[in-house]
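Notes follow the structure.
The values are calculated or read from the model by the stated rules, or taken from the named source; none is laboratory data. Quick caveat: nothing in here was measured; it's all calculated off a predicted structure. Virtual Cβ from ideal backbone geometry, glycine too; neighbours counted across all protein chains shown.
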Amino acid sequence: MQIKPVLTALRRHKAGTVLVVLQIALTLAIVCNAMFILHARLSHLSEPTGVDEANLFVIANQWAGEQKSKQEIDAQVRADLIALQQLPGVLDAAPSNSYPLRGSGWDNFVGLKPDQLQPTSDAAVYLGDEHLLRALGVKLVAGRNFRADEIGTLGLREEVHPAQVIVTRALAERLYPHGSALGKPLYSMSATPSTIIGIVDRLQTQSVDDWQRAYAYQSMIWPLRLDWPSGLYYIVRARPGQLAAAMREAPKALLALDSQRIIDPSDGGSFAQIRQRAYDSDRGTAILMGIISAVLLVITAAGIVGLTSFWVGQRRKQIGVRRALGARQRDILSYFLTENLLISLGGVLLGVVLAVSMNVWLVVRMGAQPMSPLYLAAGVLLLLLLGQGAVLAPAMKASRVPPVEATRSV
Amino acid sequence: MLKMTHLSKVYRTEVVETYALRDFNIDVKEGEFVAVTGPSGSGKTTFLTIAGLLETFTGGHYHLDGIEVSQLNDNARSKIRNEKIGFIFQAFNLIPDLNVYDNVEVPLRYRGMKGAERKQRIMDALERVGLASRAKHYPAELSGGQQQRVAIARALAGSPRLLLADEPTGNLDTQMARGVMELLEEIHREGATIVMVTHDPELASRAQRNVHIIDGQVVDLSEEPRFHAHNARVADA
């Protein structure tokens with residue numbers, strides 16, 4: 001290979017070379033980090049919540065009209081639930097204060113002792129009755145479900161700490177990493193213990209924020225019906241294949257029972273809609289990063305094409321001389337490919353240093369994860385291929401410069 | 001060494017055919033120093049580019065060192081240019097980005113020669129033209145005469161069978177021209193075959209034989225050798 005003469009010639013064209021090296025380096029650094037963040041964002045978009053997402057829908061029920069008493073609300077909620085459960089397309093229905101991926105909800109510190117200063121962990125709180133597990137479609141892996149007689153009610157400004165709770169496996173293992181959590185107590189911001197009577201396989205929290213990723217599957221269910229005057233959520237699980245019909249019929253049934261209510265169309269809905277809404281901003285960020293990366297790559301490729309085309313035009317005579325001295329077309333082609341490879345190698349070497357520095361900065365300042373070297377390797381390969389691809393057309397043009405060009409005066 | 005018979009070169013456009021060479025015949029023997037002269041536009045340069053395989057021709061035959069070149073593909077033509085022909089151009093045509101050493105090395109690299117042999121040949125060629133001490137200089141740091149000497153060294157380094165010179169002193173002042181001409185004569189005396197295109201009759205007269213081209217045809221072939229009869233006139237010019 002003609003590396004030495006190519007390097008020698010490049011030293012005489014420092015400005016253009018340095019600019020392209022810097023462009024490649026910056027592109028590599030930004031694209032690697034963007035792709036890493038993008039992948040991290042996209043990877044949890046498809047993580048299962050643990051509920052029966054295909055058949056689940058949520059009704060955001062807000063009470064309207066004259067304010068009812070707690071007893072009236074509770075009676076209405078029970079009547080609503082019976083009506084929902086009796087719909088032909090519905091498998092089960094339950095009340096709740098929230099649902100997975102809602103975006104926000106109740107979140108309590110959890111400890112193992114009543115006077116514990118530093119909580120052992122953090123957990124999402126879902127309220128529900130004995131139908132909630134079936135309505136959500138979560139799988140009970142140990143212990144038992146709530147009994148109807150264990151279900152209490154929670155009115156406005158009331159503080160209730162239930163005697164029994166059901167927790168997710170993730171929370172159980174966090175609280176009691178050595179041995180079963182079943183039958184053991186937990187303290188949730190109270191001196192009153194709650195006994196763990198059941199463990200479910202998986203139930204994601206309401207939050208989709210990155211900073212809560214560590215607690216994403218630490219949830220607990222309290223046996224309480226929410227009787228607040230503002231409203232509650234009905235978690236409804238349709239029979240397989242009947243989701244659309246159930247979603248049509250359920251609001252009608254509720255409004256037939258009592259029209260003094262608002263069913264909020266911007267909240268709840270089918271689980272597909274919930275998932276879509278929850279990750280809208282993540283998807284937006286991912287698309288934006290993808291576009292920025294693509295634009296950067298295109299600009300870099302255009303820069304390489306531009307510079308090489310300029311050099312080919314500038315060196316037309318020189319190429320003719322080389323051809324006259326015995327260079328074959330492929331020697332000229334390989335000259336420009338080699339030249340680009342050397343520039344690109346300089347760029348990616350600098351780019352790797354920049355990419356790692358940028359990632360370290362993001363880890364230290366933004367709490368990002370350390371980037372896998374695979375992203376660097378893929379980025380390096382991508383930019384080397386991009387460079388070779390971009391230089392191909394001008395290099396082919398150069399190879400077609402005829403040897404007789406050597407005799408022409410400029 | 002170089003034999004063209006009934007050779008023609010036609011440039012065609014949609015409306016007109018222009019004969020740059022027509023029924024062109026020439027036979028240069030091994031070891032000859034031939035000057036090709038003629039007015040501007042007569043076809044001298046076309047002859048040289050075809051002789052040097054820089055361009056193809058339209059009809060006729062061309063044998064170079066016994067090889068009929070009309071059917072050769074681009075790679076084979078490149079190989080012949082590299083191994084059998086040394087070019088000396090009017091504008092020197094050194095590569096400005098490379099130093100003297102690297103310039104002389106260019107054709108040797110294309111031949112795939114090993115590094116040690118390349119180095120030996122480059123230094124021999126530079127010694128031969130008196131520029132070994134300037135090996136690390138760039139063309140822009142040399143005078144016109146020195147640049148042409150580098151170009152001659154580049155042509156000689158590959159030990160070509162044929163040297164083709166296109167107005168080799170055209171861009172030089174008288175003194176430098178004399179030096180370059182003497183160098184060519186010296187190279188010829190050592191046995192090289194040289195074909196030199198020039199429009200300068202005085203330079204031409206220093207060649208062994210003159211071939212005159214008018215309107216793409218050889219019109220006057222002097223068979224009389226004229227050895228270095230007019231050196232003094234070039235120097236005085």
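Observations on the model:
- For the stretch B:139-156, the set of residues classified as over 13 Å from residue B:179 (Cβ atoms) and surrounded by fewer than 18 Cβ atoms within 10 Å (Cβ to Cβ) consists of B:140, B:141, listed by residue number.
- Summed over the stretch B:27-43, the residues that are surrounded by fewer than 16 Cβ atoms within 10 Å (Cβ to Cβ), touching a residue at least 12 places away in the same chain (Cβ under 8 Å) and more than 14 Å from every other protein chain (Cβ to nearest Cβ) give a count of 5.
- Meets criteria (surrounded by 15 or more Cβ atoms within 10 Å (Cβ to Cβ) and more than 23 Å from residue A:81 (Cα to Cα)) for residue A:182: yes
- Members of the stretch A:229-257 that are buried (at least 17 other Cβ atoms within 10 Å of the Cβ) and closer than 21 Å to residue A:156 by Cα: A:231, A:232, A:233, A:234, A:235
- Hey, residue A:29 exposed (fewer than 13 other Cβ atoms within 10 Å of the Cβ) and either touching an Asp or Glu at 6+ places or on another chain (Cβ under 8 Å) or outside the structural domain of residue A:148 (by TED's automatic domain parsing) (or both) or not: no
- The lone exception for residue B:207 - which of (1) crowded, with 23+ Cβ neighbours inside 10 Å; (2) away from chain A (no Cβ under 14 Å); (3) touching a helix residue (DSSP H, G or I) at 6+ places or on another chain (Cβ under 7 Å) it fails: (3)
- Restricting the stretch B:125-170 to residues that are within 23 Å of residue B:33 (Cβ to Cβ) and of a type in the set (Lys, Arg) leaves a set whose member that is farthest from the chain's Cα centre (by Cα) is B:128.
- The residues in the stretch B:14-56 that are under 21 Å from residue B:205 (Cα atoms), assigned to a loop (DSSP other than H, G, I, E, B) and among the hydroxyl-bearing types (Ser, Thr, Tyr) can be counted, and the count is 2.
- Residue satisfying all of: in the stretch A:212-228; outside any strand (DSSP E or B) and touching a Leu at 6+ places or on another chain (Cβ under 6 Å); surrounded by the most Cβ atoms within 10 Å (Cβ to Cβ) among these: A:218
- Just one of the listed residues (A:338, A:308) is among the polar types (S, T, N, Q), within 14 Å of chain B (Cβ to nearest Cβ) and either within 20 Å of residue A:4 (Cα to Cα) or in a helix (DSSP H, G or I) (or both), namely A:338.
- Residues of the stretch A:360-410 satisfying the condition of being free of Cβ contacts under 8 Å to residues at least 40 places away in the same chain and outside any helix (DSSP H, G or I): A:370, A:409
- Against the conditions (1) farther than 18 Å from residue A:235 by Cβ; (2) more than 24 Å from the chain's Cα centre (by Cα), residue A:223 satisfies every one except (1).
- Some residue of the stretch B:49-57 being within 14 Å of chain A (Cβ to nearest Cβ), surrounded by fewer than 17 Cβ atoms within 10 Å (Cβ to Cβ) and at pLDDT 90 or above: yes
- The single residue among A:96, A:69, A:46 that is surrounded by 15 or more Cβ atoms within 10 Å (Cβ to Cβ) and on the phi < 0 side of the Ramachandran plot turns out to be A:96.
- Test for residue B:65: is it among the acidic types (Asp, Glu), surrounded by fewer than 21 Cβ atoms within 10 Å (Cβ to Cβ), under 24 Å from residue B:188 (Cα atoms) and touching a helix residue (DSSP H, G or I) at 6+ places or on another chain (Cβ under 6 Å): yes
- Of all the numbered requirements in (1) at the interface with another protein chain (Cβ under 10 Å from one of its Cβ atoms); (2) buried (at least 22 other Cβ atoms within 10 Å of the Cβ); (3) not aliphatic (A, V, I, L, M), residue A:328 misses one, and that requirement is (2).
- Among residues of the stretch B:71-82 that are within 7 Å of chain A (Cβ to nearest Cβ), those with a Cβ under 7 angstrom from a residue that is part of a helix (DSSP H, G or I) and of a type in the set (Ser, Thr, Tyr), sequence gap 6+ or separate chain, pair up as B:82/B:110.
- Of all residues in the stretch A:278-305, those that are touching a residue at least 12 places away in the same chain (Cβ under 8 Å) and either part of a helix (DSSP H, G or I) or exposed (fewer than 13 other Cβ atoms within 10 Å of the Cβ) (or both) total 18.
- The set of residues in the stretch A:311-325 being at the interface with chain B (Cβ under 8 Å from one of its Cβ atoms), among the charged types (D, E, K, R) and in contact (Cβ under 8 Å) with a residue 40 or more places away in the chain consists of A:317, A:323.
- Residue match in the stretch A:185-198 (condition: under 20 Å from residue A:232 (Cα atoms) and either buried (at least 22 other Cβ atoms within 10 Å of the Cβ) or not charged (D, E, K, R) (or both)): no
- Scanning the stretch B:116-136 for residues that are surrounded by fewer than 16 Cβ atoms within 10 Å (Cβ to Cβ) and either away from chain A (no Cβ under 13 Å) or modelled with pLDDT under 90 (or both) gives B:116, B:117, B:120, B:124, B:127, B:130, B:133.
One line per residue, one yes/no per condition, for (1) touching a residue at least 60 places away in the same chain (Cβ under 8 Å); (2) in contact with an Asp or Glu (Cβ under 8 Å, 6 or more places away or on another chain):
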site: B:13; (1), (2): no, no
site: B:45; (1), (2): yes, yes
site: B:49; (1), (2): no, yes
site: B:52; (1), (2): yes, no
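- Helices (runs of 4 or more DSSP H) completely within the stretch A:1-99 that count 3 or more residues being within 14 Å of chain B (Cβ to nearest Cβ) and closer than 30 Å to residue B:97 by Cα: A:3-11, A:14-43
- Within the stretch B:171-214, the only residue that satisfies the criterion of being within 20 Å of residue B:142 (Cβ to Cβ) and within 12 Å of the chain's Cα centre (by Cα) is B:184.
- Residue A:218 closer than 19 Å to residue A:136 by Cα and at pLDDT below 95: yes
- Test: residue A:392 is closer than 18 Å to residue A:31 by Cβ and more than 14 Å from chain B (Cβ to nearest Cβ): no
- Residue that is farthest from the chain's Cα centre (by Cα), among those in the stretch A:41-78 that are at pLDDT 90 or above and acidic (Asp, Glu): A:72
- Taken over the stretch B:89-115, the residue count meeting the criterion of being within 7 Å of another protein chain (Cβ to nearest Cβ) and within 18 Å of the chain's Cα centre (by Cα) is 6.
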